[in-house]
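Each remark here refers to the structure printed beneath this line.
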Amino acid sequence: TRPSAHHVLVLGDNAAVAAALAGFRPDIQVSMVQLDPLLARSSLAGLPSAIRFSPIISDPGKFLDTTHETFDCIIFTDVSPSSLVESRLFTADFYRLCRSRLEPEGILAIPCPGDPSSLPPDVVKIITARMRTLSSAFEHVLPVPADFPLLVASRKEIAASSETLVTRLSQISPRPAILDTSYLLRLLDPFRQEILNSILEPEF
């Protein structure tokens, strides 16, 4: 939702996300931190040789705690922790660490499991618990009905309506090569947002 998101940090094992972001616009600098070197090599193996992002093998917490860089956007690729080590990345302390490395208008984006239009009760509890944890670190937390439930957190108010994003998309130069305006309009249809809010609000 930020028109000047030029420095993006990706945390997780899905290198395809970082590769797609790197190809989104030529002026985006993408770094990806992965903890497991074996997973890093396997995730990079299927990508084109001319990848345009920087893979970093490091513990994400240690990296964020020691880097002097700041980011416009930090993106998680994993919807849930797959180990006790990864569970540290879904805590209030880690979200505060992410916040400390974000620009003042930067955003943190975290995918969640499930279909935004039809979430089972156990998944609703997972998402709402994550929203509460994010709210302890950020002033604004917004659930967005992407292809999956997406939580976006920021210190500033978040504008994620389809009209706002399409307008900003039209103002980007050069135009992104991999984002279709009609798809964005369908994805962020207000009715989809109402459905997701109606599912989560009773719990949150």
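The values are calculated or read from the model by the stated rules, or taken from the named source; none is laboratory data. Note that the coordinates shown come from a computational prediction; the quantities given were computed from them, not determined experimentally. In this analysis, Cβ positions are derived from the backbone assuming ideal geometry, glycine residues included, and neighbour counts consider all displayed protein chains. Note: accessible area is taken over every heavy atom of the protein model, side chains too, but ligands, DNA and RNA are not part of it. Shrake-Rupley method; radii C 1.70, N 1.55, O 1.52, S 1.80 Å.
Summary table
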read-out: FRET efficiency for Arg88 and Phe191, using Cβ-Cβ distance with R0 set to 45 Å, rounded to 0.05; value: 0.75
read-out: Share of carbon and sulfur in the accessible heavy-atom surface of region 78-157 [1.4 Å probe, %]; value: 56 percent
read-out: Å² of accessible area per residue within region 60-133, as computed with a 1.4 Å probe and no ligands counted; value: 47 Å²
read-out: Contour minus Cα-Cα distance for Asp78 and Lys156 (0.36 nm per residue); value: 25.7 nm
read-out: Cut-off under 5 Å, modelled amide H: who pairs with Phe148 long-range; value: none
